[in-house]
1. Pull out all pairs, ordered by first then second residue, where Cβ-Cβ is under 8 Å, the residues are six or more apart or on different chains, the first lies in segment 218-237 and is closer than 20 Å to residue 80 by Cβ and small (Gly, Ala, Ser), and the second is at pLDDT below 90 and in a strand (DSSP E or B).
2. Go through segment 263-283 and count every residue that is more than 10 Å from residue 56 (Cβ to Cβ) and either surrounded by fewer than 14 Cβ atoms within 10 Å (Cβ to Cβ) or polar (S, T, N, Q) (or both).
3. Hand me the list of strands (runs of 3 or more DSSP E) wholly inside segment 116-216 holding 2 or more residues that are within 17 Å of residue 246 (Cβ to Cβ) and in contact with a Leu (Cβ under 9 Å, 6 or more places away or on another chain).
4. Suppose we filter 220, 148, 127 for residues that are surrounded by fewer than 24 Cβ atoms within 10 Å (Cβ to Cβ) and farther than 23 Å from residue 79 by Cα; which single one remains?
5. Please work out which residue is farthest from the chain's Cα centre (by Cα), limiting yourself to segment 77-103 and to residues that are of a type in the set (D, E, K, R) and closer than 21 Å to residue 142 by Cβ.
6. Out of the residues in segment 269-291 that are in contact with a Pro (Cβ under 8 Å, 6 or more places away or on another chain) and among the hydrophobic types (A, V, I, L, M, F, W, C), state the one that is farthest from residue 101 (Cα to Cα).
7. Residues that are surrounded by 12 or more Cβ atoms within 10 Å (Cβ to Cβ), assigned by TED's automatic domain parsing to the domain that holds residue 228, part of a loop (DSSP other than H, G, I, E, B) and modelled with pLDDT of 50 or more: does segment 26-38 have at least one?
8. Residues that are over 30 Å from residue 305 (Cβ atoms) and in contact (Cβ under 8 Å) with a residue 12 or more places away in the chain: does segment 145-154 have at least one?
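The values are calculated or read from the model by the stated rules, or taken from the named source; none is laboratory data. It should be emphasised that the depicted structure is a prediction, and the values quoted were computed from it without experimental measurement. Quick reminder, even Gly has a Cβ in these numbers, built from the backbone with ideal geometry, and neighbours come from all protein chains shown.
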Amino acid sequence: MKIKAMKWLTAAPVALALAVSLAACGSGASEPSGTPTDALQGSDQQTLDKYTTADVTPIDKIDKTKLGLNTEGKLEVGTLSDAPPNIFIDPSGKFTGYDNELLRAIAGKLGLEVEFVATDFSALLSQVSTKQFDVGSSSISTTDARRQNVGFTNGYDFGYMAVVAKTDSDIKGFADLKDDVRIGVVQGTVQDDYVTNTLKLEPIRFPDYATVYANVRNGQVDAWVAPSQQATGQVKEGDGTVIAESVVNTQNFTAYAVAKDNQPLIDALNSGLDAVIADGTWSKLTKEWYPDRETPKDWKPGSKAATVPQS
């Protein structure tokens, strides 16, 4: 698998779009922005990140009665059921994965119970915006377009993107995504936005990661533009598929989504995040769920004041 920094990649607009597309679903809050964007633009957190807070409120200063929760004392969380290693349901029926276990640890610092509910990504941000859920947990990239509809915590992970194709395919990476390639994406994701608005192609949209991957395996689509985390979770030895290329983007870090006007909850989650970074939980979970991954040197989680313990 090729892993490269994203700054080199320039996508040339293509005039002819794919003719085949599934009907779009979900709310406007999670659809592609409709404006030219480059989801693969690389950056470093220090110079371009204008959202990470300088520090956080100490945990013991958080007023849990002011968090605007649907049920006092409980975080009601919308998440996905099929996107390992980040968000999925294990064989015992437990919601787990890197994002969800980290959120459990953050909630534990705040003395809050967590209740997970499965939903589709295409609806998740709208459901958070309308407060059907207190929090959205789904390895969500924090784009400026999404910030118009929901609020976000500080980052707990960095974004990176992959191309998945058949092992014997001529598609070896992003440069091979042309107008004659059937490209699968999950509806409403950054990958959907990238293919639609940067490559100027019409992807085939699917409601979830398992379905789009199944369509790569059976040849209904030629390539899947995926979050690398989910690509790693889906591609198995013997499937006849490969992660052809994976590229890193630290600008659109991943974070938990919260209703835009619920700043007390955002502040509380930021405090909890810094606390689990400080006590080594973030590092422990990262190593557990991403054993072979290296964190970019120019990126770190939490507030600007957070310090990741040296291992």
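1. Partner pairs satisfying both residue conditions: 226/161; 228/160; 228/161; 228/246; 231/246; 233/83.
2. Summing the residues that are more than 10 Å from residue 56 (Cβ to Cβ) and either surrounded by fewer than 14 Cβ atoms within 10 Å (Cβ to Cβ) or polar (S, T, N, Q) (or both) in segment 263-283 gives 5.
3. Hits in segment 116-216: 157-166.
4. Unique residue meeting the criteria: 220.
5. Ranking the candidates gives 101 first.
6. The extreme case among them is 278.
7. yes
8. No, segment 145-154 contains no residue that is over 30 Å from residue 305 (Cβ atoms) and in contact (Cβ under 8 Å) with a residue 12 or more places away in the chain.
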